Amino acid sequence: MRRLALIATAAVLCAGLTGFAALEHTTDSAPTEVGAARTASSPTTVISKLQEHLRRQPSDAASWAQLGSAYVEHARLTVDPTLYPKAETALRRSLTLRPDGNTAAQTGMAGLANARHQFTQARTWAEKAVGGDPYAWAAYGALADALTQLGDDAGAQEAVQRMLDLHPSTASFTRASYTLELQGRNSEAEQALQRGLQAASSAADRAFCRHYLGELAFNSGAFEKALEHHRKALALDPGYNAALAGAARAEAALGRTAQAVTDYQTAIARVPQPQYVLELGELLESLGRTAEARAQYSVLEAEQKLFAANGVVDDLNLGQYQADHGDPQLAVTLLTAEWGRRHSVLVADALSWALHRAGRDAEALPLAREANRLGWRDATLLYHRGVIEQAVGDDRAARTDLTAALAANPGFSPLRAPDARARLARLQGQR
């Protein structure tokens, strides 16, 4: 559920150099979402125009590819997985009309597979695209997304480097930022996002960068700064739902819970993004509003079924949810299957936590350590490892990691952050 992004010195960045060689001292969307910025034209407008054109020119392979990709983007913005089969139909129509050298359709299929969490297929399609056109910068973005999720850290970094070399833009700098954040290099990640903000060519692109600057600030515990970035994003693009939810997250961490609940509810009423539904549920639970929290969790469970019915493989998010709010044994089953498909740090962390919740701490600890192989300074990851260390009797390591979690982000979760403080107080009292 987390957002789900190499280092350039500030001097190098300001000099305007662009590749990862330049970013060697500076930058989950992620994604969170890690990808191209929101387009200036709405997907619905693009879809309508393409449909009208294709009624007149049904053999236009390029327009079928554009239509498929527009459906994927619309599905992302509206959280409507029923659009994915339409996207696949359009993209495969394009490939039928032009089976060879159809980079746009191949890149679209890679994006669709990433959206469905079918990351191995996404890698295959992206590799076909760049194999046919080594200068297809967007295909390198899809490849980087897939490799990040598959746990091929070196391959993902190489793909983002190539994307930066070919097309230094908001899309490439935000991916670089995520890569750096996963490596624990937050100051460089912020510089990469600032480069993306400078490269932004529209208000929507600037809002996109502001939002992720807000996410990075929140993940670093700078809640007022995070709120400021999200509000600037909303001033640029009042309909940008991710920024509204980001503002709610920062407000909750600042103790402004009434406003946070209101903003979450507004965001969910617009688009019931599963992450926002879960976050609202946990905030309500932390406030003792158990029945309202349960209602949010029920919405989330219904959404998971809808995603599965439309080809989305979501064992990671479902497993995380089950570990904390459902059946830990089911979480272990789901996440073990996901670990068999991909060895990303996100899956290692989620599976370790599910094993802990199922009472299997000795198995959980090696995975909790594996989750930190990149040096990611994520408070939830550190909290999970600290709790597992405490469970196996390694109180010294538990104190270290729980302290680090709260230092990284003292408001990382309305449920888990208070628990981290309580555990740490007990451990320090035992000295």
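The values are calculated or read from the model by the stated rules, or taken from the named source; none is laboratory data. Quantities reported herein were computed from a predicted structural model and do not represent experimental measurements. Every residue, glycine among them, receives a Cβ derived from its backbone with ideal geometry; neighbour counts consider all protein chains shown.
The table below lists the values:
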{"quantity": "Residue match in segment 76-90 (condition: modelled with pLDDT under 95 and either under 25 Å from VAL160 (Cα atoms) or touching a strand residue (DSSP E or B) at 6+ places or on another chain (Cβ under 6 Å) (or both))", "calculated": "yes"}
{"quantity": "GLU127 being among the acidic types (Asp, Glu), part of a helix (DSSP H, G or I), at pLDDT 95 or above and in the same structural domain as GLN51 (by TED's automatic domain parsing)", "calculated": "yes"}
{"quantity": "Single residue of TRP137, TRP125 found to be within 23 Å of the chain's Cα centre (by Cα) and surrounded by fewer than 24 Cβ atoms within 10 Å (Cβ to Cβ)", "calculated": "TRP137"}
{"quantity": "Segment 382-405: number of residues that are more than 18 Å from LEU367 (Cα to Cα) and in contact with a Phe, Trp or Tyr (Cβ under 8 Å, 6 or more places away or on another chain)", "calculated": "0"}
{"quantity": "Segment 52-70, residues that are in a helix (DSSP H, G or I) and among the polar types (S, T, N, Q)", "calculated": "SER63, GLN66, SER69"}
{"quantity": "Meets criteria (outside the structural domain of THR179 (by TED's automatic domain parsing), touching a Pro at 6+ places or on another chain (Cβ under 8 Å) and of a type in the set (D, E, K, R)) for ARG342", "calculated": "no"}
{"quantity": "Residue satisfying condition, being among the aliphatic types (A, V, I, L, M), modelled with pLDDT of 95 or more and surrounded by fewer than 20 Cβ atoms within 10 Å (Cβ to Cβ), within set ALA207, ALA217, ALA222", "calculated": "ALA222"}
{"quantity": "Count - residues of segment 309-338 that are farther than 26 Å from SER286 by Cα and among the polar types (S, T, N, Q)", "calculated": "3"}
{"quantity": "Residues (modelled with pLDDT of 95 or more, more than 17 Å from the chain's Cα centre (by Cα) and not hydroxyl-bearing (Ser, Thr, Tyr)) located in segment 270-293", "calculated": "LEU280, GLY281, GLU282, LEU283, LEU284, GLU285, LEU287, GLY288, ARG289, ALA291, GLU292, ALA293"}
{"quantity": "Output for segment 401-419, where each listed residue is crowded, with 16+ Cβ neighbours inside 10 Å and over 18 Å from LEU287 (Cβ atoms)", "calculated": "ASP401, LEU402, THR403, ALA404, ALA405, LEU406, ALA408, ASN409"}
{"quantity": "Residue among THR107, THR96, THR120 that is farther than 30 Å from GLU303 by Cα, part of a helix (DSSP H, G or I) and assigned by TED's automatic domain parsing to the domain that holds PHE173", "calculated": "THR96"}
{"quantity": "Unique residue being modelled with pLDDT under 95, of a type in the set (A, V, I, L, M) and crowded, with 24+ Cβ neighbours inside 10 Å when the list is LEU143, LEU182, LEU147", "calculated": "LEU182"}
{"quantity": "Residue among GLU73, GLU158 that is modelled with pLDDT of 95 or more, among the acidic types (Asp, Glu), outside the structural domain of ALA371 (by TED's automatic domain parsing) and part of a helix (DSSP H, G or I)", "calculated": "GLU158"}
{"quantity": "Helices (runs of 4 or more DSSP H) (entirely within segment 290-384) containing at least 3 residues that are closer than 30 Å to THR266 by Cα and of a type in the set (S, T, N, Q)", "calculated": "290-309, 315-325"}
{"quantity": "Options GLN194, GLN157, GLN183: the member that is farther than 19 Å from GLY375 by Cα and of a type in the set (S, T, N, Q)", "calculated": "GLN194"}
{"quantity": "Residue ID - surrounded by the fewest Cβ atoms within 10 Å (Cβ to Cβ), chosen from residues in segment 259-273 that are of a type outside the set (Val, Ile, Thr) and assigned to a helix (DSSP H, G or I)", "calculated": "ALA269"}
{"quantity": "Filter result for the condition that a residue is surrounded by 19 or more Cβ atoms within 10 Å (Cβ to Cβ), at pLDDT below 95 and either out of contact with any Pro (no Cβ under 6 Å at 6 or more places or on another chain) or more than 24 Å from SER187 (Cα to Cα) (or both), over ARG385, ARG377", "calculated": "ARG377"}
{"quantity": "Residues satisfying the stated conditions in segment 182-192, i.e. closer than 16 Å to LEU147 by Cβ and assigned to a helix (DSSP H, G or I)", "calculated": "LEU182"}
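Per-residue answers, yes or no, for (1) outside the structural domain of ALA368 (by TED's automatic domain parsing); (2) in contact with a Leu (Cβ under 8 Å, 6 or more places away or on another chain); (3) more than 30 Å from ASP237 (Cα to Cα); (4) buried (at least 18 other Cβ atoms within 10 Å of the Cβ):
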position	(1), (2), (3), (4)
TYR276	yes, no, no, yes
LEU280	yes, no, no, yes
LEU284	yes, no, no, yes
LEU300	yes, yes, no, yes
GLY319	no, yes, yes, yes
ASP327	no, no, yes, no
ALA337	no, no, yes, no
VAL347	no, yes, yes, yes
